[in-house]
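The values are calculated or read from the model by the stated rules, or taken from the named source; none is laboratory data. Here the structure is a predicted model, which means the values were calculated and not measured. So basically every Cβ, Gly included, is an ideal-geometry build from the backbone, and we count neighbours across all protein chains shown.
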Amino acid sequence: MTGPDRHPAAAPPTAAPMRRAVPLLTVPLLTVPLLAASVLALPTPPPSPGPVAPAMSCAVHTPCGVVTPRAAGVGAGEGVWTRPAVAAAEPGPPGPADGLRQTRACTPPGDDGPGAARGAVPQPPPGLATGAGQLVAVVDTGVAPLPRLAGRLVGGGDYLTGGDGLTDCDGHGSDVALLLAGAADPVTGLGAGMAPGARILSLRQSSGRFAVRGTDGAERPAGEIRTLAAIDRAVALGASVVNVSEVVCVPSAQVDSAGGALREAVDGAERAGVLVVAAAGNIDETGTCTGDPDLRPLPASYDSVLAVGAVDGDDVPGDFSVPGPWVDLAAPGQDLPRPSGPDGAVVRGTSYSAPLVAGTAALLRERFPMLTPRQVADRLRATARPTAGDGRTGHGVLDPGAALTAEPLLLTPDGPAGPGDRTGPPGAGRAPLPLATTPPPDLPAVAGVGAVAAVGGALVAALAGLRRRPRRP
């Protein structure tokens, strides 16, 4: 994704073997130090086999989104789908990045104030699901232990400086987490995220406040750090959904050479039964996603990822949202009240659309535990609200209420483009598709919206030179 995208504690999950593929709570306002002290560390997964791919990013040194000051003016069916076990997860605990140095002072998120959503974020019907029992990984700039995540924030690791992943110098990851799973403000009752009962697993792997020096001597933003390891680690630690708010755009002819290892990571997550949600990306002439129709956003354009575009409150696509046949659906991502304040600030970018889809996926995984990840992804696409999106909205705009209540249980988007058809011209997009009753083929994966910092050709070269990791069975 490109375009400047600026703007707790639970029992730790046990490192699980990899498994086969595809709002309104009130908490007392606690102080950040108290919350930080209460966050539990995760057990260490099996050791890492070695170096892995660098991270994707958005506009240089910035996440994909913009923070601006106050603007002017079906019942669940029976049975539970069990994910078969596969090979044990490989990645070990993150360590500090080599050659890392801080280039700018941290701007951590403020106390999450009232009215973070104020009706701008679609809310599902009450009483159906809250995301309880779901662990959603946020691969981003870290997530700070804010009051509205109290009791539900777990540190998964820090690929920048080492540590638990609960430091956020940019505020971006914290905003993403609050949109996904923040509890409502205890005073106003406003500002709940999409899945306020879900736990958040924070994996810090990027920051616009740090840079690393490459082999060519040039410094690159620290978004270029181990995205593959972060995705693998999220799977190893038991996440059921992964939100990736970062993107890099590469020429279509270089997709296989530049992003082959990344494809293996997201495909491995799908085989493990984990939904990967990624931002479709933001158009920005200064980043890697410039609007050139030959460019492909990664990881959003992979078939095993559910890509999310951005619309405003009237379902009008954002002109910054990257179009293409890989876009699955869209969600609000324009002029949203910033979850971590200050009051009146707004955010903009596909980074903020992705967590709304990831949160809805968590609701579906709670309400319909018998559904495979592919069936969850198809249900999200099939129940999306059709809109004229010019390739930016895919099947339509996210409709959490329809996704949670539509019948029959198994819904398959079926039409001229069809799910998984990502070969058309980037401006084409997917036509809105009717609901169908045919069960989908076994196990697809989902990805969502968002991005971190663009690295351009340096990232492409780095990805192309990476050692390819063996594909898991």
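Does the stretch 141-148 contain any residue that is touching a Lys or Arg at 6+ places or on another chain (Cβ under 7 Å), buried (at least 24 other Cβ atoms within 10 Å of the Cβ) and not hydrophobic (A, V, I, L, M, F, W, C)? Yes, the stretch 141-148 has at least one match. Going by what's in this entry, would ALA331 be described as aliphatic (A, V, I, L, M) and out of contact with any helix residue (DSSP H, G or I) (no Cβ under 6 Å at 6 or more places or on another chain)? Taking the combined requirement at face value, the residue does not satisfy it. Mind checking whether some residue in the stretch 279-293 is in a strand (DSSP E or B), closer than 26 Å to ARG367 by Cα and at pLDDT 90 or above? Yes: the stretch 279-293 contains one or more residues that are in a strand (DSSP E or B), closer than 26 Å to ARG367 by Cα and at pLDDT 90 or above.
SER351 - would you say it is modelled with pLDDT under 95, within 20 Å of ARG148 (Cβ to Cβ), polar (S, T, N, Q) and crowded, with 24+ Cβ neighbours inside 10 Å? No, not satisfied. Scanning the stretch 403-422 for residues that are surrounded by fewer than 24 Cβ atoms within 10 Å (Cβ to Cβ), at pLDDT 85 or above and more than 13 Å from VAL357 (Cα to Cα) gives THR405, ALA406, GLU407, PRO408, LEU409, LEU410. How many of the residues making up the stretch 167-191 are among the hydrophobic types (A, V, I, L, M, F, W, C) and either surrounded by fewer than 24 Cβ atoms within 10 Å (Cβ to Cβ) or touching a Cys at 6+ places or on another chain (Cβ under 9 Å) (or both)? Number satisfying all stated conditions: 4. Where strands (runs of 3 or more DSSP E) fall wholly inside the stretch 139-256, the ranges with 1 or more residues that are on the phi > 0 side of the Ramachandran plot are 153-158. Of all residue pairs spaced 6 or more apart or on separate chains, those with beta-carbon atoms under 9 Å, a first member in the stretch 295-314 that is more than 18 Å from ALA377 (Cα to Cα) and of a type in the set (Val, Ile, Thr) and a second member that is modelled with pLDDT of 90 or more and assigned to a strand (DSSP E or B) are VAL311/PRO317; VAL311/SER321; VAL311/ALA330; VAL311/ALA331; VAL311/PRO332; VAL311/VAL397.
Just checking, does the stretch 337-355 include any residue being in a loop (DSSP other than H, G, I, E, B) and of a type in the set (D, E, K, R)? Yes; the residues of the stretch 337-355 include at least one that is in a loop (DSSP other than H, G, I, E, B) and of a type in the set (D, E, K, R). Note on the stretch 294-336: residues that are crowded, with 24+ Cβ neighbours inside 10 Å, over 17 Å from the mean Cα position of the chain (by Cα) and not in a strand (DSSP E or B) total 4.
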